[in-house]
Structure formats: C-alpha cells, structure tokens
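The values are calculated or read from the model by the stated rules, or taken from the named source; none is laboratory data. Keep in mind that this is a model prediction, so the values were computed, not measured. Don't worry about glycine lacking a Cβ; one is built from the backbone with ideal geometry, like all the others, and counts go over all protein chains shown. These area figures cover heavy atoms from the full protein model, side chains too; ligands, DNA and RNA do not enter into them. Shrake-Rupley method; radii C 1.70, N 1.55, O 1.52, S 1.80 Å.
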Amino acid sequence: MKDSGKGPALLRQYNEKRVLSYLRHQRISSRLDISHALGLSKNTISLIVEDLLALGYVEELGVVQTNSIGRPKIHIALKPEAIISAGIMIERHRLHWMACNYFCEVVEEQTIDLDTSRPEKVMVEIARHCQRLQQNYPALMGVGIGFPGIVDQKLGILHVSSHLGWGKVELLSTLAKAVSVPVDIWNNVKAAALIARQGEIPGENETCFYLRIGEGIGGALLTRQGVYSGGSWTAGEVGHLAVLPQGPTCTCGQQGCLESLISLSAINAQLGQRQTGLSWDNRQQSREHVDEIMVNAGQLLGKALSQIIHLINPKTLLIDCPYNLEPLFVEHTLAATQQFTLTFPFSRTHITFTTERFKPAQGLALAMIQRFEHVSLT
C-alpha cells in the first residue's frame, strides 16, 4: 500500500482498505456496487480499483450480463493468495501453526510437539517458524501469536500462564527483533472468538459471549468494537467462576472453579477414576459412566452460564466444547441455565452449541488480516 502520510494520502489508504475489507466479505462485486455500499463516488472507487489491480490484490472477472440500460458492470474479486496471514498457537507441550489466504481459508497447517517448560526455547521456536513462513510465503503480511494466559495485547506481554507455568514474559519486544513482518500477541481463546464472528453470530453489532472448553476454560466478550479485554486483560475468564464451593482445588488456588471440574483434563481425570485407561477419546467403552459425567458437567456449566447472562446479558452465548455432540450434556446445560437464570433474560438469550471447533490459529491469522485492513484517520 501507499505511504500513509497525512491528509489526502491517509484518506486514500483508508478507503483502499475499506474496499479490500468489503471485497473480503462479499467475495465478488462491481465498481458501482462498491460505490453504493461504501458511500464513495464512482470515480474514487474506479481509481482505487485501478491501484488494487496494479498491486495484484484484485482481478476483473468479466462483464455482468444484465438487461438494464447503461454501462455494463464488470465483476471485481479479490485474489486471495495475493495476501497471506499466519497464526501460531502455543499450548502446553505443542505448537500449532497455520497459513491462511485473504479469505482466512487454510492454506497449510501443522502441529508439532514442543517443550514449553522454558519461555526462551519457545521463543526461539516461534521465531524459526515465522522465518520459515516468510520464506515460503512472500505475500505474508503478518503473524498472530497466541498463548494461554493473561496477555496484554497492546504491549505484547504474557503476565502469567498457569498452563505453561510461566510468569511475566515480554513476548513482542523479543519477537520483533527476530521477525521482519508485523507480529501481534493474543490470548488463544480471544483469537478463536474472532472466527466465531465470521459466521456463527447472527449480526456483527450484537453482543456475544464466546466460551471455549479445552485443556482449560476461557471466554471472550465480543462487542461491536471487537474483543473486550478488560482493565487487566482478564475479561472472559469464566474458567474461574466458582460453581461448586466444596469442589476440588483449581490451579488458581480457589476451590470449585468451573475449569477444575469440567475442563478436558478434569473430565478425563473423572473418566480415569471410574475405569483405568478410559479417556475422552475412547469414551464409548463406558456409556453409563460417560452419561453420568456429562449430566454433571452440563449442570455445572449451566450455573456458570446463568452468571454470565445476569452480569453481561449477551444476545448470544456460543459454546465451543468437545462435549457438544453429547445430547445429555446439551440438555442438562440448557436445563440448569434456565433453572438458575431469571426468566426474562434467559428467554432472550440465544444459546448455541457449535458442531465444529474453532481453531485459535485461524483466529490469529484473521487478527492480522483485520490489522492489515485497519487505518485510523485520527
């Protein structure tokens, strides 16, 4: 893109990014339709499209056949491989990376085992993968990097991660020295929530709470302005809502946290207590025991959801969970949520259980696409 500069040059860049964003969502359009949608003159759009054609970001697909009188429309479309973004997700003992095109469609991805006990080694491995991505994808325009834990996204600092066993680590300043493309640091769950906005939520202006259950449990509040992080970057930490006062001790030191009771590791531990060697992956071996655990997990999650509804009152609650295909889990989650929630807000909250899991690495790649499209006029 052109030098941002000030005045007309900045406005031109701002409008170019608006056109790119519009085409990313619409896939195919025309100069006239873009002009109407963005409220810009046909002449301005024509000049911007010519620039984007020269840069290789868009292509003309041909004349649209219509019966209307006047100059025929020419379809314009993005060339998705012309802009590549990437995401690298760190979890305990593994690294997952993904390269995506400009539609945030997966081009390539890989998961590798990784010793995550020492931040220094992990940072070296991340830098190595970033450099490899740059070599393989010359059109790479940024890498989003995600971690479990409390992340100050603006400064790129991981304050604490109980899953990794890390204290305060300055991530961005270290990686910026080793990587030549833009890098952003995210919490994994908040990055996954960005993918939820792509199609699972009815409207972009509606407030949604995204809840993800995996090795841990986290959440993210999606507003019109994006993901809300809170005053200390911990907004959405639903895993530490207390739902069973006399429950087991959580990694945070409290008793009865949701995470200590129904996270994937907690459920696997419960399965193991009932039958040696049984885990979530081979749960069909003991249907009766699994059903019992799913009923209990749904009841506990319902208590947490009622707290979220009362406190935040989101229009949509989106549950991204490995147990969603278990009918008893869904049934008892909804029943408990209704039991513990006031009738009026419950009746106006849309609770959705995803059938496929969102990938944080894809959300990290999307975050870099959104950063690429953002130009501030202030």
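Within the stretch 326-340, the residues that satisfy the criterion of being open to solvent by 10 Å² or more (accessible area, probe 1.4 Å) and either over 30 Å from residue 90 (Cβ atoms) or touching a strand residue (DSSP E or B) at 6+ places or on another chain (Cβ under 9 Å) (or both) are 327, 328, 330, 331, 332, 334, 335, 338, 339, 340.
Residue 198 meets the conditions (1) in contact with a strand residue (DSSP E or B) (Cβ under 7 Å, 6 or more places away or on another chain); (2) surrounded by fewer than 18 Cβ atoms within 10 Å (Cβ to Cβ) in every case but one. The failed one is (1).
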